[in-house]
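This report refers to the structure that appears directly beneath it.
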Amino acid sequence: MTISLGTNKSRALLRSVAFGAPILALLAWSSPTLAAEQVDLKLVIATDVSGSINDEEARLQREGTAEAFLDADVIKSIRNGSLGRIAVAMIDFSSPDYDKVIIDWHIIRDNASATAFAERVRDSPRTPGRRTSVSSALELGSLLIESSEKDIVATRKVIDVSGDGPNNDGNPMRETHDRVVGQGIVVNGLPIMDDNANGYFPNLDKYYAACVAGGRGSFVVVVRSFKDFGAAMRHKLILEISQNEVPTKLATDQTSKKDLLKKVADTAGAPTTPQVLRPGQNEFSDRCDIAGGFGGFGRF
């Protein structure tokens, strides 16, 4: 089930905020015709499509996201919620003028609705991008959440940001981050630290812990390779949906004793459980905006 609020409306909202329009007036733009849908979680997935992300890396992000939502343990986590359903939207971000809502609100409650969402993810072409404005991803994500309050009601609201670099465009990261978290929205992160990729940024995990993640129970799941993006997204979704690390541990290690020897034999080359960090202060805390970037402005 898809609840469409209109992508042009979302972009108009973001532009209006930039010009100082009152937030209450903006939120009044949400659709008045749909009956409110109650869900356990409203989740905005924000995907980096900046100039440092090539087409293959963009495809791996799309494919990894789709596969994660098709995972049996992710669907089980959704169905085990008090209402048994979540609402998900997806945006591409780079420089603010390039940001785009690629999938409007979609209700996931079972295999069929998860499959429909995964197909839309796979079928969505990448958005052209330039620099990396994590702050604009938070702005657009928070507006999607707030402008849909009359249509979709949830006790938990999350923006999930995945990317390969720090904020180098748009509004200041720290004040944007604090404003969004102050609205009761949790921000989680998937920093992509693939040292074979063009956009590799050392210590991006620390940057995300200091400058991106925030809010009650927030966390960072570190992606060491674009090829591991799907496993990291799956891990993150189970944590977000269940609010507990135990289901993830159970989902990733259900090998019986009789299979122990086989597990040990197959360990070589097997993907490891993604690293999970909690937000906290570090050397990036006072410099969340870092000059440089792709798109004709130089390189990190």
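Filtered by the rule that a residue be within 25 Å of GLU149 (Cα to Cα) and in a helix (DSSP H, G or I), segment 175-211 gives GLU175, THR176, HIS177, ASP178, ARG179, VAL180, VAL181, GLY182.
Within segment 131-154, one or more residues are open to solvent by 10 Å² or more (accessible area, probe 1.4 Å) and in contact with a Lys or Arg (Cβ under 6 Å, 6 or more places away or on another chain). Given the structure, is VAL212 in contact with a Cys (Cβ under 9 Å, 6 or more places away or on another chain), within 21 Å of SER52 (Cα to Cα), among the hydrophobic types (A, V, I, L, M, F, W, C) and surrounded by 19 or more Cβ atoms within 10 Å (Cβ to Cβ)? Here the answer is yes, as VAL212 does meet what is asked. Assigned to a strand (DSSP E or B) and touching a residue at least 12 places away in the same chain (Cβ under 8 Å): is that true of LYS157 in this structure? So LYS157 fits the description; yes.
Checked across segment 92-102, the condition of being without any contact (Cβ under 8 Å) to a residue 12 or more places away in the chain and within 21 Å of LEU190 (Cα to Cα) holds for no residue.
Cβ-Cβ contacts under 6 Å between residues 6 or more apart (or on different chains), taken from a first residue in segment 107-124 that is outside any helix (DSSP H, G or I) to a second residue that is at pLDDT below 95 and open to solvent by 10 Å² or more (accessible area, probe 1.4 Å), are listed as ILE107/MET1.
Flag: TYR200 matches the condition of being over 14 Å from the mean Cα position of the chain (by Cα), modelled with pLDDT under 95 and aromatic (Phe, Trp, Tyr).
Just so you know, in segment 161-195 the residues that are of a type in the set (D, E, K, R) and under 14 Å from SER133 (Cα atoms) include one that is nearest to the chain's Cα centre (by Cα), and it is ASP164.
Given the options THR248, THR273, THR255, name the one that is assigned to a loop (DSSP other than H, G, I, E, B), open to solvent by less than 80 Å² (accessible area, probe 1.4 Å), touching a helix residue (DSSP H, G or I) at 6+ places or on another chain (Cβ under 7 Å) and at pLDDT below 90. Unique residue meeting the criteria: THR255.
Sub-7 Å Cβ pairs linking a first residue in segment 57-68 that is closer than 19 Å to ASN198 by Cβ and of a type in the set (Gly, Ala, Ser) to a second residue that is open to solvent by 10 Å² or more (accessible area, probe 1.4 Å) and part of a helix (DSSP H, G or I), at least 6 apart or interchain, are GLY64/GLY230, ordered by first then second residue.
Taken over segment 212-238, the residue count meeting the criterion of being in a helix (DSSP H, G or I), touching an Asp or Glu at 6+ places or on another chain (Cβ under 6 Å) and closer than 27 Å to GLU283 by Cα is 1. Suppose we keep only residues that are part of a strand (DSSP E or B) and open to solvent by 10 Å² or more (accessible area, probe 1.4 Å) within segment 65-103. Which one would you say is nearest to ASN167 (Cα to Cα)? Among residues in segment 65-103 that are part of a strand (DSSP E or B) and open to solvent by 10 Å² or more (accessible area, probe 1.4 Å), the one nearest to ASN167 (Cα to Cα) is LYS100.
May I ask you to verify whether ARG131 is of a type outside the set (Gly, Ala, Ser), assigned to a loop (DSSP other than H, G, I, E, B), in contact with a Phe, Trp or Tyr (Cβ under 8 Å, 6 or more places away or on another chain) and more than 27 Å from LYS150 (Cα to Cα)? Considered against the rule, which asks whether it is of a type outside the set (Gly, Ala, Ser), assigned to a loop (DSSP other than H, G, I, E, B), in contact with a Phe, Trp or Tyr (Cβ under 8 Å, 6 or more places away or on another chain) and more than 27 Å from LYS150 (Cα to Cα), ARG131 comes out as yes. Within the option set THR2, THR7, being over 15 Å from GLU146 (Cβ atoms), at pLDDT 60 or above, open to solvent by 20 Å² or more (accessible area, probe 1.4 Å) and of a type in the set (Val, Ile, Thr) holds for one residue only, THR2.
The values are calculated or read from the model by the stated rules, or taken from the named source; none is laboratory data. What you see is a predicted model; the values in this text were computed from it and never measured. Don't worry about glycine lacking a Cβ; one is built from the backbone with ideal geometry, like all the others, and counts go over all protein chains shown. Ligands, DNA and RNA are excluded from the accessible area calculation, which covers all protein heavy atoms including side chains. Shrake-Rupley method; radii C 1.70, N 1.55, O 1.52, S 1.80 Å.
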